[in-house]
Amino acid sequence: MKMVKSLLLGTAAGLVAMAGAQAADLPVKAKPVQYVKICSLYGAGFYYIPGTDMCLKMGGWMRAEFGQNVNSSLTFGPMVGGRATRTDQNDYAQRTRGYITADARNQTEYGTLRSYINVGVSQDSPNATAFGTLSVNRGFIQWAGFTFGSAQSFFDFYSPAATQYFGYTTQSDTGDTGWRVASYTAQFGNGLSGTIGFEESRRGLVVNTGTQVVTGTTVLAGLTPTAAGNQMGIRYPDVVANLRIDQAWGSAQLMGALHDASGGYYGTTAGTGGPGNTTGYALGAGIKLNAPMIGAGDFFQAQVNYGKGAIAYLAYLQGAAGVLGRTAFTRYSGNSFGYGWLTDGVYTGAAGGSVQLTEAWGVNAAYEHFWNPRWKTSIYGSYLSVNYNDTASLALCGMTGLAVAAASCNSDFSYWAAGTRTQWNVTKDFYMGLDVLYAKLNTASSGVATLASSGAQPGGAYTLKNQDAWSFRFRVHRDFYP
């Protein structure tokens, strides 16, 4: 009996051991691997790049726009680049634009290190480029208070894009292309900060009226800073500084800039000599006030600017990639037209003459009201006044290709505009809206101007007359970021 019992116990022990060995050989379900780990340090949408401490956010947007009576330019609007012929004037224009963004951040012993890039494509109609124009409108590195790369200028404050679809005609705004900066921002606490740095020269035109000829298929827009004897090359960057406060009630900023406004040669060669070096400047002040007592999300914004020899701080001049996109306001109506030169300074080409700096001042204001979370309407307006002394004014009127009698010559001009935009936020990341703009150009000079013929532009006598225009712009926009 004892033998049978021992045999049974031994057999059972053997079976248990065998079962345990077999169980150990069975595959064990692996723990799930988290390939994407959420990074909550910098807000929604960031995740850790696997194997690093760097957080990355990918995003972007897509947009389609349609404009009526925009004078062939969705960028500059109805008072720039007008033609006098029926065949090359486009009252209707269309734009397709899309961008991909990447924002990478991680911590260092000196604070957050951030790199950001926004790259995309834009195509306007009519446009012979099948796939549009590739552009990088933002690309910068921020670390320990420094900003290096293409960013918004630290002079800019008022945001036209926040309250209107029509462009940056008379604001201090570096627009879609951004601006090349190397600046340092100090945080003083309680929302107070200050920035100082170097920025790419925000150039207006310095005109040598002795060598410059008004040319181009668009009369008055044919001047270039590279024309012989016109403008000195860039010697140093603009120096830009601001003092800013951001708090629950809104924000405010004071800013200033120093700018090289030196001319080139008196003639077309170095042997003719040139005027002395000249420095221009710009000053500005801006404010934004939140108004939740009127409507959730409501706000008012405004900025006033003054400049002498620094016109591009008061009027947006840049085309693609920061290239000078325009040198004048211009609009034609039949056999009349209005115009106004946008320059940093003027000199006559006579030996011993100096650059006469252009004075200008401007103001912008806007209010946006939210009717409810899905519907909002903004009202906005702007005014710009450009003034020349007598020497500069007469020299501009006498340029070859633009003959204005001395008796009726006065190169001072002004521009103002008012508009309203209503937007339907279909979802939090998809909207449609309509912007209606009225613009008025109070022309430089009066009487009759004799224009030279060039290309499709017919020459002859034109009556100088104030111009106005109603323009319309419809937009469909979709964001695709968290």
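Each value in this text was obtained by applying a stated rule to the coordinates, not by laboratory testing. All of these numbers come straight from a predicted model, not from anything done at the bench. Ideal geometry is used to build each Cβ from the backbone, glycine not excepted, and the neighbour counts take in all protein chains shown.
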Filter on Lys288/Lys308; Lys288/Lys465; Lys37/Lys288; Lys37/Lys376; Lys376/Lys465 - keep pairs with C-alpha separation over 28 Å: Lys288/Lys465; Lys37/Lys288; Lys37/Lys376; Lys376/Lys465
How much length is gained if the chain between Asn290 and Arg114 is pulled fully straight, taking 0.36 nm per residue apart and subtracting their Cα-Cα distance, in nm to one decimal? 60.5 nm
Residue-span extension gain [Ser125 to Asp53] - 0.36 nm each, minus C-alpha spacing: 21.5 nm
Given charges of +1 on the Cβ of Lys and Arg and -1 on the Cβ of Asp and Glu, with all other atoms neutral, how large is the dipole of segment 31-479 about its Cα centre, in debye to the nearest 20? 880 debye
Checked segment 252-378 with the C-alpha gyration tensor, a ≥ b ≥ c its square-rooted eigenvalues, rounded below a/c of 1.5, otherwise prolate if a/b is larger than b/c and oblate if not; verdict prolate
Aspartates and glutamates whose Cα lies under 16 Å from that of Lys57, excluding same-chain neighbours fewer than 8 positions away: Asp103, Asp479
At 0.36 nm per residue, minus the direct Cα-Cα distance, what do Thr272 and Val136 gain on full extension? Give it in nm, one decimal, please. 44.9 nm
At R0 = 25 Å, FRET efficiency that the Cβ-Cβ distance of Met432 and Asn466 yields, to 0.05: 0.15
Equivalent ellipsoid semi-axes, segment 31-479, via Cα gyration tensor eigenvalues times 5, rooted, Å: 40, 26, 21
